[in-house]
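Step one of this worksheet: look at the structure below.
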Amino acid sequence: MTPEEHTGLADWNRSRLTPGICSVTLRQSSIRDVVETAAEAGLAGIEWGTDVHIRDEESAAEARDATAAAGLEVLSLGSYYRVGSFGDFSLPADLAVTLGAPRIRVWAGSQDSADAGADVWDQVVQDARRIAGLASERGLEIAFEYHGGTLTDTPDTAVQLVKQVDRDNVRTYWQPAVGLSDQAALAALHTVLPYVSGVHCFSWWPQQERLPLSGRKQLWQSVADILREAGRPFDMMLEFVAADLPANVGRDADFLNHITLGED
């Protein structure tokens with residue numbers, strides 16, 4: 001993809017679907033190499049994670065500058081803050097500001113929703129409101145990771161949590177739960193869609209076997225169609241690739257770029 005084509009793709013998707021990548025996809029790569037891989041793949045943005053790449057103000061500034069220099073967007077800061085812990089949220093908030101991220105990904109507690117009592121729900125809701133206030137002061141949004149072992153492990157509980165928190169800058173991400181059929185995954189997306197800001201994209205089937213993204217072609221084409229029809233912007237971010245190899249990013253990015261544009 002030429003630089004001109006990449007710019008056109010990014011401009012087209014800015015008001016629609018933005019194809020990106022999570023830096024956790026490339027944990028073994030440097031910040032510069034993550035940016036280079038994303039740019040060469042024709043992607044439009046990066047969610048930078050605090051697991052490896054963004055650990056302090058210096059690395060946040062490096063990632064910000066490298067991302068901008070490549071003509072890419074910072075899509076979010078992928079933090080590992082556990083909502084309900086009432087921990088110090090100033091570090092991820094300050095890192096997000098330095099990074100230039102519009103939102104911070106957080107985790108809704110540390111228990112499956114089925115195992116969480118009213119006290120756990122209350123703690124997560126109250127802490128979410130607290131960090132939402134801190135984020136709002138910095139012009140940031142909060143997005144819950146949609147994941148097992150948290151209160152947002154089902155579509156109904158994800159909606160319930162966002163509604164209970166009841167803050168304009170709090171939404172959720174979505175991804176297909178492990179083992180769900182295409183039909184069940186799409187039904188889950190429809191349920192949470194009004195509260196979704198971004199989607200983590202990967203193809204695991206039938207359980208955690210990592211396939212190329214196109215290995216579940218019908219699912220991901222349908223996801224992109226649903227998001228596009230919603231009529232507002234969404235980020236679609238590659239999260240895992242087969243064997244965690246940078247060489248496989250280009251293949252999955254090519255498919256992702258096509259479906260965000262509504263192409264077969």
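With a 10 Å cut-off between alpha carbons and a GNM built on the chain, which of S110, S90, S76 moves the most?
S90
Can you sort F255, F86 so the residue with the fewest Cβ neighbours within 10 Å comes first?
Details: F255 21, F86 12.
Ascending number of Cβ neighbours within 10 Å: F86, F255.
Need one number: nm distance between label points at E209 and E229, each 7 Å from Cα along Cα→Cβ, rounded to one decimal.
Reported label-point gap for E209 and E229 is 3.0 nm.
Tabulate in residue order the Karplus-calculated ³J(HN,Hα) for region 202-219, using 6.51 cos²θ - 1.76 cosθ + 1.60 with θ = phi - 60°, rounded to whole Hz; enter x for Gly and Pro.
Values per residue, Gly and Pro as x: 6, 10, 10, 6, x, 10, 10, 6, 8, 9, x, 4, 6, x, 10, 4, 4, 4 Hz.
Sequence-distant or interchain residues sharing an amide H contact under 5 Å with Y81, placed H: which?
Answer set, sorted by chain and number: W107.
Work out from phi, with θ = phi - 60° and the Karplus expression 6.51 cos²θ - 1.76 cosθ + 1.60, the ³J(HN,Hα) of each residue of region 156-165, listed in order in whole Hz, and give x for Gly and Pro.
Using θ = phi - 60°, the values come out as 5, 6, 5, 5, 4, 5, 4, 5, 5, 5 Hz.
Going by C-beta contacts inside 10 Å, put W220, W205, W48 in order with the fewest on the left.
Exposure proxy ranking, most exposed first: W205, W220, W48.
List, largest first, the extents of the alpha carbons of region 130-225 along their principal axes, each in whole Å.
42, 24, 23
Amide H to amide H, which residues 5 or more places from A143 or on other chains are under 5 Å from it, using H placed in the peptide plane?
For A143, the qualifying residues are I104, R105, V106, R171.
Express the relative contact order of region 207-264 as a whole percentage, based on alpha carbon pairs under 8 Å and six or more residues apart in sequence.
Details: 35 pairs, mean separation 28.2, N = 58.
Over region 207-264, the number comes to 49 percent.
Would you mind computing, in nm to one decimal, how far apart the modelled labels at R27 and A187 are, each placed 7 Å from Cα along Cα→Cβ?
3.3
Taking the Cα centre of region 82-233 as origin, work out the dipole magnitude from +1 charges on Lys and Arg Cβ and -1 charges on Asp and Glu Cβ, in debye rounded to 20. Mind showing how you got there, number by number?
Numbers: 14 positive and 18 negative charges, 101 e Å.
Result for region 82-233 is approximately 480 debye, rounded to the nearest 20.
Return the FRET efficiency for the residue pair K217, F86: r is the Cβ-Cβ distance, R0 is 41 Å, and the value is rounded to the nearest 0.05.
0.40
Give the relative contact order (percent, whole number) for the chain; include only Cα pairs under 8 Å separated by 6+ residues.
On the way: 504 pairs, mean separation 54.9, N = 264.
After rounding, I find 21 percent.
Under a 5 Å amide H to amide H cut-off, with H placed in plane at 1.01 Å, what residues pair with M236 once short-range neighbours are removed?
Amide H neighbours of M236, under 5 Å, 5+ apart: T18, G20, V199.
Once both labels are modelled 7 Å past Cα along the beta-carbon direction, what's the E58-R167 spacing in nm?
Roughly 3.1 nm, to one decimal.
Computed from the coordinates I sent, Rg and Dmax of the Cα atoms in Å equals one of (1) 18.0, 56; (2) 17.3, 54; (3) 24.4, 86. Tell me the label.
Answer label, from the structure shown: (2).
With each run of n ≥ 4 DSSP H residues scored as -39500 (n - 2.57), what mean residue ellipticity at 222 nm is computed for the chain after dividing by its residue count and rounding to the nearest 500 deg cm²/dmol? Working shown, then result.
Values: 9 runs with 111 residues, N = 264.
It comes out at -13000 deg cm²/dmol, rounded to the nearest 500.
Read-outs throughout are calculated quantities, based only on the coordinates presented, and are distinct from any laboratory measurement. What you see is a predicted model; the values in this text were computed from it and never measured. Counting neighbours? That spans all protein chains shown, and the Cβs are built from the backbone with ideal geometry, glycine included.
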